[in-house]
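Below: one structure, written as structure tokens.
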Amino acid sequence: MKPTATLYVCSDWKTSALVLPVLEKRFLVQNRITWEREKERGARRNWKNNTEDIWFCINSENYYFDVDAVKLKRKVLAPYRVNGDPKDWKREGDGNFRLTHPSNIWTDLTVPFWSMSENTPHPTQKPEKLFAKLILASSRKGDFVFDPFLGSGTSAVVAEKLCRRWCGIDINMEYLCWARKRISAVRWDSAIQGYKDGVFWERNSSPQQKGYPK
Ligand SMILES: C[S@@+](CC[C@H](N)C(=O)[O-])C[C@H]1O[C@@H](n2cnc3c(N)ncnc32)[C@H](O)[C@@H]1O
């Protein structure tokens, strides 16, 4: 890895605690992002397991991070005014919206479900929107994205859509076939669900993204 590179490591709640000390031996760990999977089976004798962690690590203090590229557009429920003027929000269509700094809890994602074009039969496929956040925050156009656990190809698909170079590896040939099919479809459809006009939108906000009232 280059001294300027960033590493993101995904883990579930059980492995997360084990992964941290290993990462700390070699990298500067900056944060732990927790994202809500939304769609998960309920449990009878336990809390439904609905989150995953992503460790954000750097190689040196000379790293790239573009917070403006990953702002979240949120509906403002209590629009505050100063001298009658909106304070840091704007009226748009049927609502009031504010651009917010992304935190380390991501609740705007949806696991790709059957009706989404990005969906494949891969058992642990991640949403394109998740990789879009990581890639936009931590790389510039033309930079290199490497994913040694490519699966259905989500990281490569998003890297391609966002004009980054990429390389991916997976042990399973069938998954790589699905990845190849998705990557070749990018030339017809480079949209990323939930990312429009340079901002990330909240979950279930398609009507607002299209610009017409609910
Ligand atoms: C969590 S999945 C990745 C899912 C991917 N991010 C996506 O959105 O489809 C992890 C992947 O690692 C692959 N894998 C597991 N062990 C591997 C190994 N030793 N070398 C390469 N790939 C491996 C699995 O086949 C699986 O597809």
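The values are calculated or read from the model by the stated rules, or taken from the named source; none is laboratory data. Remember, it's a predicted structure, so these values are computed and weren't measured experimentally. So basically every Cβ, Gly included, is an ideal-geometry build from the backbone, and we count neighbours across all protein chains shown. In case anyone asks, the SASA skips ligands and DNA or RNA and just uses the protein heavy atoms, side chains included. Shrake-Rupley method; radii C 1.70, N 1.55, O 1.52, S 1.80 Å.
Of all residues in region 124-182, exactly one satisfies the criterion of being assigned to a strand (DSSP E or B) and within 18 Å of residue 52 (Cα to Cα), namely 147. Looking across region 1-27, the residues that are among the polar types (S, T, N, Q) and touching a strand residue (DSSP E or B) at 6+ places or on another chain (Cβ under 6 Å) come down to 6, 11, 16.
All conditions in (1) within 18 Å of residue 51 (Cα to Cα); (2) within 12 Å of the ligand (Cβ to nearest atom); (3) open to solvent by 60 Å² or more (accessible area, probe 1.4 Å) hold for residue 113, with the sole exception of (2).
One residue stands out in region 183-206 among those that are of a type in the set (Lys, Arg) and not in a strand (DSSP E or B): the one that is least open to solvent (accessible area, probe 1.4 Å), namely 203. For region 75-98, the criterion of being over 20 Å from residue 199 (Cα atoms) and either under 24 Å from the mean Cα position of the chain (by Cα) or touching a residue at least 40 places away in the same chain (Cβ under 8 Å) (or both) is met by no residue. Anything in region 18-39 that is without any contact (Cβ under 8 Å) to a residue 40 or more places away in the chain and not in a strand (DSSP E or B)? List them, or say none. Correct list: 18, 19, 20, 21, 22, 23, 24, 25, 26, 27.
Tell me, which residue of region 126-170 that is charged (D, E, K, R) and open to solvent by less than 40 Å² (accessible area, probe 1.4 Å) is farthest from the ligand (Cβ to nearest atom)? For region 126-170, the residue satisfying everything is 164.
Across region 31-53, the number of residues qualifying as loosely packed, with under 15 Cβ neighbours inside 10 Å and touching a Phe, Trp or Tyr at 6+ places or on another chain (Cβ under 8 Å) comes to 3.
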